[in-house]
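The values are calculated or read from the model by the stated rules, or taken from the named source; none is laboratory data. These figures come from a predicted structure and were not determined experimentally. Here the Cβ positions follow ideal geometry from the backbone for every residue, glycine too, while neighbour counts run over all protein chains shown.
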Amino acid sequence: MTHNPTLVARDLAVLWHPCTQMKDHETIPLMPIKKAQGVWLEDFDGNRYLDAISSWWVNLFGHANPYINAAIKDQLDQLEQVIFAGFSHEPAITLAEQLVTLAPAGLERCFFADNGSAAVEVALKMSFHYWLNCQQPQKTRFITLENSYHGETLGALAVGNVALYKQTYAPLLMDVITVPGPDCYHREAGESWADYSTRRFALMEQTLAEQAGNVCAVIIEPLVQCAGGMRMYDPVYLTLLRQACDKYQVHLIADEIAVGFGRSGTLFACEQAAIRPDFMCLSKGLTGGYLPLAAVLTTAAVYQAFYADYNAGRGFLHSHSYTGNALACRAGVATLALFERYGTLNNNKLLAHTLAKVTERFHDHPHIAEVRQTGMILALELVKNKHSRQPYPWQERRGIKIYQYALGKGVLLRPLGNVVYFMPPYVISASELQYMADVAWDAIQYAIKE
Ligand SMILES: *Cc1c(COP(=O)(O)O)cnc(C)c1O
């Protein structure tokens, strides 16, 4: 199943792909894509693949969305990019205005960056620098959760906790305080998500009580630890964390890079706990999956701590060349408009319900320990033994078998280890959801054989 062998050969001669052991492509075909429309990717032989993972969680309203296409084309003829220090433009201003309006009240400032990891770096630096500007230079550390993921650059990697990505680079990374997490996969039988998340919060509270004096911020992924295997927890954890961060005078950084923009069921996951973080990191869906862009939203209090005469040396002198790229910002404005136009948050309630329905039979599958869902994310925990929850050894790479089988049937699934998940664009239909689930079922049957 090698499509367009010429392109594949040219690619493998010069390219090095992300998150890939390149030798795998001796046996697993690389997949050149010619075009895409809606939820469908198309290869050079006309085969179509349902993009069940929204092209790495970025796409919201389908590929080649006519409305976003038109906005970008219009922008292209006016201004593609301009230095964002000392200069500005309307797409960035409009997008920032809309983001601070839509975000939890109190997030009033928007700093742009150009990818998720960069946004995390910005939030970490801003938090540290805020405390420094407030005469608290002893605050230098960050608290993070077990199994968290915040990106791949060294600062973002340091505050993450997924060993697969982090371990190799440990000697390069700053030391962080890692607290056991609220991941409800580990709750006792009969225990509710809320009870487990509340119980686990005691460990965070204890850490804060002991260490807050040296801590800048706690960084978390609200409600779903996505790269950590779509592990989920109850909003009560966020409510308790907000209270504790206030009590112990520590910032709360909400990394909504994956869960923001309707993925969790609300526009932002923090809304489900009615909290306002001190920093909110956004990227991925921000441009509807079109162009790289990220934003860090923060409070007036943080902004004011940097606002002073130049010679006071309090400014945030951080930049990226493509900060506030005009095409990307315009795509962001168009994306936010589509939430209104399509009634997305309401429609997604129905869609999430349909997603639950088409995956109902997985609950009784003998090798699926848990089917869990938060809004438009649904995950299946594949195990060797349903009762002991003993996982399949990672070396067996059952996820890759699922990936290959599903691709052969026209569905792009990309399991995280033994976790099969669905995170489709919001323009998917009920019958496409059904097809996606049916192919996933067959793929799992194929992958668990022998
Ligand atoms: C993807 C992701 C990031 C990193 O974003 P990149 O644009 O890939 O650098 C950070 N945090 C979370 C929660 C993510 O899912």
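On the stretch given as the stretch 285-319, residues that are part of a loop (DSSP other than H, G, I, E, B) and within 12 Å of the ligand (Cβ to nearest atom) total 4. Considering Gln138, Gln78, the condition of being among the polar types (S, T, N, Q), in the same structural domain as Ala274 (by TED's automatic domain parsing), in contact with a helix residue (DSSP H, G or I) (Cβ under 7 Å, 6 or more places away or on another chain) and more than 12 Å from the ligand (Cβ to nearest atom) is satisfied by Gln138 alone.
Output yes when any residue across the stretch 321-328 is within 16 Å of the ligand (Cβ to nearest atom), closer than 24 Å to Ala36 by Cα and hydrophobic (A, V, I, L, M, F, W, C), and no when none is. Yes; the residues of the stretch 321-328 include at least one that is within 16 Å of the ligand (Cβ to nearest atom), closer than 24 Å to Ala36 by Cα and hydrophobic (A, V, I, L, M, F, W, C). Considering (1) more than 16 Å from the ligand (Cβ to nearest atom); (2) within 23 Å of Tyr426 (Cα to Cα); (3) touching a strand residue (DSSP E or B) at 6+ places or on another chain (Cβ under 9 Å), the lone condition that Ala71 does not fulfil carries the number (3). Here Asn69 fulfils each of the conditions (1) in a helix (DSSP H, G or I); (2) farther than 23 Å from Arg263 by Cβ; (3) not hydrophobic (A, V, I, L, M, F, W, C) apart from (2).
Gln249 meets the stated requirement of being under 22 Å from Asn214 (Cα atoms), surrounded by fewer than 24 Cβ atoms within 10 Å (Cβ to Cβ), more than 15 Å from the ligand (Cβ to nearest atom) and not assigned by TED's automatic domain parsing to the domain that holds Thr374.
Screening the stretch 261-284 for residues that are closer than 14 Å to Val120 by Cα and assigned to a loop (DSSP other than H, G, I, E, B) and picking the one that is farthest from the ligand (Cβ to nearest atom) gives Asp278. Out of Ala85, Ala156, Ala119, Ala103, one residue alone is among the small types (Gly, Ala, Ser), buried (at least 21 other Cβ atoms within 10 Å of the Cβ) and more than 16 Å from the ligand (Cβ to nearest atom). It is Ala103. Restricting Gly190, Gly160 to residues that are among the small types (Gly, Ala, Ser), in the same structural domain as Ala305 (by TED's automatic domain parsing), in a loop (DSSP other than H, G, I, E, B) and within 17 Å of Leu252 (Cα to Cα) narrows the list to Gly160. Only one entry of Glu256, Glu221, Glu205 meets the criterion of being over 21 Å from Leu297 (Cβ atoms) and either surrounded by fewer than 24 Cβ atoms within 10 Å (Cβ to Cβ) or within 16 Å of the ligand (Cβ to nearest atom) (or both), and that entry is Glu205.
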